[in-house]
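I have placed the structure first, in the form of structure tokens, so that the comments after it can refer back to it.
Read the figures in this text as sums done on the coordinates, not as results from a lab. It should be emphasised that the depicted structure is a prediction, and the values quoted were computed from it without experimental measurement. Cβ coordinates were reconstructed from backbone atoms using ideal geometry, including for glycine residues, and neighbour counts include every protein chain displayed.
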Amino acid sequence: MGVEGENRQAVIDSPNASPFAELGRELEALRHENLLRDRRVLESPQAPRVTIDGREFVAFCSNDYLGLASDSRLIAAAREGAARYGVGAGASHLILGHGAAHHALETALARFVRLPRALLFSTGYMANIGIVTALVGRGDAVFADKLNHASLNDAALLSRAEFRRYPHGDLVALENLLAASTARRKLVVSDAVFSMDGDIASVPELLRLCERHDGWLLLDDAHGFGVLGATGGGVLQHFGVSAERIIYMATLGKAAGVFGAFVAGAVELIETLVQRARPYIYTTATPPLLAHALLASLEIIAAESWRRARLATLIDQLKWGVSGLRWQMLPSAAAIQPLVIGTNDEALRVAAALAGRGVLVPAIRPPTVPRGCARLRISLSAAHSEQDVALLVAALRDVEKES
């Protein structure tokens, strides 16, 4: 467990009369339900093979979908950026933290996703909070898929707009909500690739509903950017759609391999976010060296289509390999391949058994997923080999036989 884990366990086991005794009892309740989370300490760069506590594992845990997080060209670009711009931005974008590297990256991102303008944020979570709270408020309405990422839900609640959720992928229910709404502004928000199920939203249909009912469409393409589309342009390129009412958000710490997020869309939209998005206005800009590295990342994403082709091959290999297992693999064309196990106990047991065989796959439990739907979230990368996937499949079959 390690020293940190032992110290935490002692706090949970012996809540006393401290001001936080009630928190200790709540943590104990989480442990009793097998919902207490722990952190592994990674001792190596992010890669298909990682080192934890001095032991090597084949890991299917990261969102490094194109295998760029440790790419030597990005490391060289980061070094070059540090030498040119220093380490820290030193100020918020609106004071004196908006550097030449940030500006160049925003221009490149807008061109990459074929939208008029782009704006950098520190994280996708901050971007979603900033977008929603800047655009809607009291008298407006947000319509959200029930399986959306937590950041979209939190953003809707913080905005104080009416918050209406529709069953996952249920476009009929969404249209009924939109038709009945008398809100001043209507904002439909949806994951583009759902982070725990791996399925892709019906973007053309969502857009048609927004056009029919005069709504805006916010797409969180955290897991599609770089992976979907012929050149990695994401879900918009994947479907071949474009419209002024689309608000496009994607992150830069997954397929792009670095850090950060951006929003792209109409000029008026982006300028409004510059003026009103609090997580943008009141935050120190990200280090310019990261923006410099991301410029190199965009070039690699566009030029090296073999990475997306390899990822597709590995997805097919995994699906074929696990067919016939008693656990259900959810239908997903994305790098996220969820294997639904069921109970928390069983998901943790399977994950531990795999780790014992040198394979790391995270067990995802409530509240991230619904109760009774605990799962292994298998994340594939273009950096994985066919041998890595074969090892995972063999380990899963061995664990199934033993249970």
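Compared with the alpha-carbon gap, the fully stretched path from residue 173 to residue 394 is longer by 75.4 nm at 0.36 nm per residue. Residue separation of residue 87 and residue 371 scaled by 0.36 nm, minus their Cα-Cα distance, works out to 97.9 nm of gained length. Taking 23 Å as the straight-line reach from the Cα of residue 319, the lysines in range (excluding those fewer than 8 positions away in the same chain) are 254, 401. In whole Hz, with x marking every Gly and Pro, tabulate ³J(HN,Hα) for the range 208-224 from phi via Karplus 6.51 cos²θ - 1.76 cosθ + 1.60, θ = phi - 60°. Whole-Hz 3J(HN,Hα) from phi for the range 208-224: 4, 5, 5, 5, 5, 10, 6, x, 9, 10, 9, 10, 9, 9, 3, 9, x. With an 8 Å Cα cut-off and a minimum separation of 6 or more residues, compute the relative contact order for the chain in percent. This gives 21 percent for the chain. Indicate the gyration tensor shape class of the range 336-382 (rounded, prolate or oblate), computed on the Cα atoms with a ≥ b ≥ c the square roots of the eigenvalues: a/c under 1.5 is rounded; otherwise a/b larger than b/c is prolate and the rest oblate. It comes out oblate by the Cα gyration axes. Taking every DSSP beta bridge that has both ends in the range 72-303, the antiparallel portion is near 40%.
Over all Cα atoms in the range 77-137, the spread is summed up by Rg and Dmax: 13.6, 43 Å. Taking every alpha-carbon pair under 8 Å whose residues sit at least 6 apart, the range 146-194 reaches a relative contact order of 51 percent.
log10 I(q)/I(0), Debye, Cα-only the range 72-303, no solvent, q = 0.07, 0.10, 0.18 Å⁻¹? Log10 I(q)/I(0), no solvent term: -0.21, -0.43, -1.32. Helical content of the chain, expressed as a calculated mean residue ellipticity at 222 nm, amounts to -13500 deg cm²/dmol (DSSP H runs of 4 or more residues, -39,500 (n - 2.57) each, divided by residue number, nearest 500).
Once you treat every alpha carbon in the range 31-128 as an equal point and sum by Debye, what is log10 I(q)/I(0) at q = 0.18 Å⁻¹? One equal scatterer on each Cα of the range 31-128 leads to -1.12. Rounded to the nearest 20 debye, the dipole magnitude of the chain is 440 debye, with +1 charges on Lys and Arg beta carbons, -1 on Asp and Glu beta carbons, and the Cα centre as origin.
For the pair residue 36 and residue 163, a Förster radius of 30 Å applied to the C-beta separation gives a FRET efficiency near 0.55, rounded to the nearest 0.05. Our analysis of the range 159-230 gives Rg over Rh at 0.98, with the two radii drawn from alpha carbon positions and Rh computed by the Kirkwood formula.
Taking the DSSP beta bridges with both ends in the chain, the antiparallel portion is around 55 percent. The calculated FRET efficiency for residue 319 paired with residue 107, based on their beta-carbon distance and R0 = 51 Å, is about 0.85.
Each Cα pair under 8 Å and six or more residues apart adds its sequence gap; the mean of these over the residue count of the range 72-303 is a relative contact order of 31 percent.
Exposure proxy ranking for 249, 126, based on other Cβ atoms within 10 angstrom of each Cβ and starting from the fewest, stands as 126, 249.
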